1. Would you pick out the residues in segment 1-11 that are of a type outside the set (A, V, I, L, M), exposed (fewer than 13 other Cβ atoms within 10 Å of the Cβ) and either at pLDDT 95 or above or in contact with a strand residue (DSSP E or B) (Cβ under 8 Å, 6 or more places away or on another chain) (or both)?
2. Pull up segment 12-49, narrow it to residues that are part of a loop (DSSP other than H, G, I, E, B) and among the polar types (S, T, N, Q), then point me to the one that is surrounded by the most Cβ atoms within 10 Å (Cβ to Cβ).
3. Considering only residues that are assigned to a loop (DSSP other than H, G, I, E, B) and either closer than 14 Å to Leu13 by Cβ or in contact with a Phe, Trp or Tyr (Cβ under 9 Å, 6 or more places away or on another chain) (or both), which ones fall in segment 50-73?
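The values are calculated or read from the model by the stated rules, or taken from the named source; none is laboratory data. Since we're looking at a predicted model, the values are computed, not measured. Heads up, the Cβs are rebuilt from the backbone with ideal geometry, glycines too, and the neighbour counts pull from every protein chain shown.
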Amino acid sequence: MQDKLKVVKVKILGQDYFIRSSANQTYFHKVESYINKKTDELIENGLDPNTEQLKIAVLACMNITDELFLYKQ
């Protein structure tokens, strides 16, 4: 039996995203927090969140993927 899908709102780089999932809300807020931590690190290193959002998102994605690959080793 499939769990009922719920909509969870997360905010990343100042933008709202609505995620439909059977996972609980707490899980998505942990994911949201981690992504925002990674994007904040890039902003603190000089990237402008008003003009370089795509660059910040891609670099955060690369950093998180690097962590995943290192963890898997």
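1. Filtering segment 1-11 for residues of a type outside the set (A, V, I, L, M) gives 2-4, 6, 9, 11.
Next, only the ones that are exposed (fewer than 13 other Cβ atoms within 10 Å of the Cβ) stay: 2-4, 9, 11.
Those that are of a type outside the set (A, V, I, L, M), exposed (fewer than 13 other Cβ atoms within 10 Å of the Cβ) and either at pLDDT 95 or above or in contact with a strand residue (DSSP E or B) (Cβ under 8 Å, 6 or more places away or on another chain) (or both): Lys9, Lys11.
2. Residues of segment 12-49 part of a loop (DSSP other than H, G, I, E, B): 13-14, 22-24, 45-49.
Now restrict to residues that are among the polar types (S, T, N, Q): 22, 24, 45.
Working: Ser22: 9, Asn24: 11, Asn45: 8.
Ranking the candidates gives Asn24 first.
3. In the first step, residues of segment 50-73 are kept if they are assigned to a loop (DSSP other than H, G, I, E, B); the result is 50-52, 73.
Answer for segment 50-73, where residues must be assigned to a loop (DSSP other than H, G, I, E, B) and either closer than 14 Å to Leu13 by Cβ or in contact with a Phe, Trp or Tyr (Cβ under 9 Å, 6 or more places away or on another chain) (or both): Asn50, Thr51, Glu52.
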